[in-house]
Amino acid sequence: MITLQNLSVGYRSGGETFQALAQVNLELPTGKTCAIIGPSGCGKSTLLKVLAGIITEYEGLVELDGKPIRPECQKIGFIPQNYGLLPWKTVAGNARLGVKIKYGCLSGEGENMEQLLAQLGLLGLENRYPGELSGGQQQRVSLARSFLLQPDVLLMDEPFSALDAMTREDIQKVFLRVWKQHAVSTVLVTHHVEEAVYLGQQIIILSGCPGTVSKIIDNPLFGLEEARDQPEFFQMCLKLRKMIKEDWSA
Ligand SMILES: Nc1ncnc2c1ncn2[C@@H]1O[C@H](COP(=O)(O)OP(=O)(O)OP(=O)(O)O)[C@@H](O)[C@H]1O
Ligand SMILES: [Mg+2]
C-alpha cells in the first residue's frame with residue numbers, strides 16, 4: 001500500500017518557493033494500478049519523484065507498506081519519459097541494469113530474463129544497442145528492466161507518450177499482459193484519457209496549481225485486453241473527459 005497524507009511539495013528557486021503540490025491525500029492498494037491524469041504543470045512528475053525517493057524535501061507523510069520511501073531499502077522501478085536507457089549498453093545490458101544496481105550482481109535472473117524478453121517481443125535483439133532500436137522496442141526494454149527487478153512499486157511517467165497511436169496501443173496491450181503475471185503496484189502518469197481507462201484500476205484526477213487530488217475513480221474496465229472495442233470503454237472515456245474538463249476549468 002502506498003500512503004500519501006497531506007503531501008505538499010515546494011520548489012525553492014531564486015529565494016522564492018513555488019508550491020507544486022498541496023495537501024495530496026491518497027491510498028494506493030498493493031498489487032493494483034493507478035493512473036494519474038492532470039494538466040501540464042499540476043505536479044504529476046513531482047508526485048512520482050517523491051514516490052521514487054528522488055525528491056526528499058516535502059511536508060506530509062509518504063509511505064510504502066508502512067515504511068518511509070528509501071530507494072536503498074525498497075525496490076522501486078522508475079520509467080522516465082525518455083525510457084532512461086544507456087546508449088552504450090546492449091538490450092540485455094540495459095534490461096539487467098536495475099537488478100545489477102540493486103544487488104551488485106546478476107545471479108538468479110537468467111530464466112526470468114529470457115522469459116520476459118520473449119513476452120516483450122525482444123528475443124533476438126539482446127545484442128543491439130538502443131540507437132539500433134525503434135521507439136517502441138526501446139520502451140519495451142525499459143519495461144523489461146523494471147519487471148526483471150520485481151519491484152515493490154513501478155512508477156511510469158508518461159511512458160507511452162512518445163509513441164505513435166498504433167504502437168502505443170500495441171505496447172499498452174503487451175504491458176497489460178506482462179503486468180497481469182507480476183501484479184506489481186503501479187503508478188502511471190498519463191495525458192491520455194484512453195490510456196488511463198485502459199491501464200488504471202484506479203484513476204486519479206489531479207488539478208489546480210498547486211496540484212491536488214480532485215477525483216478518485218474506480219475503473220471496472222481495467223484488465224480487459226479488448227476493452228477498447230467495447231462501447232462501455234468509449235462511455236467511460238467520455239465521462240472522464242467531461243469530469244476533467246469541469247475540473248480544469250474550475
Ligand atoms: N526543479 C524545479 N524547480 C522549480 N520549479 C519546478 C521544478 N520542477 C518542476 N517545477 C514546477 O513545478 C510544477 C509541477 O511540475 P511537474 O513537472 O511535476 O508537472 P507535471 O504535471 O509533470 O507537468 P507535465 O504534464 O508538463 O509533465 C510546474 O509548475 C513546474 O514548473
Ligand atoms: Mg511531467
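Which shape class applies to the stretch 159-250: rounded if a/c is under 1.5, otherwise prolate when a/b exceeds b/c and oblate if not, where a ≥ b ≥ c are the square roots of the Cα gyration tensor eigenvalues? Here the stretch 159-250 falls in the prolate category.
Between Thr30 and Arg228, the simple label model (points 7 Å from Cα in the Cβ direction) yields a spacing of 3.3 nm. Classify the chain as rounded, prolate or oblate, taking a ≥ b ≥ c as the square roots of the eigenvalues of its Cα gyration tensor: rounded when a/c is under 1.5, otherwise prolate if a/b is larger than b/c and oblate if not. Verdict is oblate for the chain. About its Cα centre, the dipole of the stretch 78-151 is roughly 220 debye, where the only charges are +1 on Lys and Arg Cβ and -1 on Asp and Glu Cβ.
Take the Cβ atoms of Lys215 and Ser134, set R0 to 45 Å, and the FRET efficiency comes out at 0.80.
Provide the gained length on full extension for the span Gln181 to Glu126, in nm with one decimal, where the gain is 0.36 nm per separating residue minus the Cα-Cα distance.
Details: separation 55, 0.36 × 55 = 19.80 nm, distance 2.22 nm.
The Gln181-Glu126 span can extend by a further 17.6 nm.
To the nearest ten degrees, helix 91-103 and the longest principal axis of the Cα atoms of the chain are 70 degrees apart. Hand me the chymotrypsin sites (Phe, Trp or Tyr not before Pro) from the stretch 120-195 located in a DSSP loop with no more than 15 other Cβ atoms within 10 Å, in residue order please. Listed in order of number, the matching sites amount to none.
Cα centroid separation, the stretch 221-249 to the stretch 14-58: 23 Å.
Report Rg/Rh for the stretch 54-197, rounded to two decimals, where Rg is the Cα radius of gyration and Rh the Kirkwood radius. Kindly include the intermediate steps, with their values, before the conclusion.
Numbers: Rg = 15.2 Å, Rh = 15.8 Å.
Here Rg/Rh amounts to 0.96.
A simple spin-label model places pseudo-atoms 7 Å from Cα toward Cβ; at Thr17 and Met1 they are separated by 2.9 nm. Taking chymotrypsin sites (Phe, Trp or Tyr not before Pro) across the stretch 15-118, the ones in a DSSP loop with at most 16 further Cβ atoms lying within 10 angstrom of their Cβ are Trp88.
Which FRET efficiency value, to the nearest 0.05, do you get for Gln115 and Arg70 by plugging their Cβ-Cβ distance into 1/(1 + (r/R0)^6) with R0 = 30 Å? In this case the efficiency is close to 0.50.
The ranking of Ile101, Ile203, Ile54, Ile69 by Cβ neighbour count inside 10 Å, starting from the fewest, reads Ile101, Ile54, Ile69, Ile203. Taking amide H as placed 1.01 Å from N in the peptide plane, Leu163 has no amide H partner under 5 Å among residues 5 or more places away or on another chain.
Within the chain, which is the longest segment containing none of the GluC sites (Glu not before Pro) that sit in a DSSP loop and have at most 10 other Cβ atoms within 10 Å? Looking at the chain, 73-225 is the longest stretch - no exposed GluC sites (Glu not before Pro) with at most 10 other Cβ atoms within 10 Å.
Arranged by the count of other C-beta atoms within 10 angstrom, fewest first, what order do His182, His192 take? Mind showing how you got there, number by number?
Numbers: His182 14, His192 18.
Exposure proxy ranking, most exposed first: His182, His192.
Spatially close Lys pairs in the chain, defined by Cα atoms under 18 Å apart and a spacing of eight or more places or different chains, total 16.
The alpha carbon radius of gyration of the stretch 78-151, expressed as a multiple of 2.2 N^0.38 Å, is 0.97.
Only the coordinates and a few stated rules stand behind these numbers; no lab work does. As the structure is a prediction and not an experimental result, all values here were calculated from the model. Positions of Cβ are generated from backbone atoms using ideal geometry, with glycine treated the same way; all protein chains shown enter the neighbour counts.
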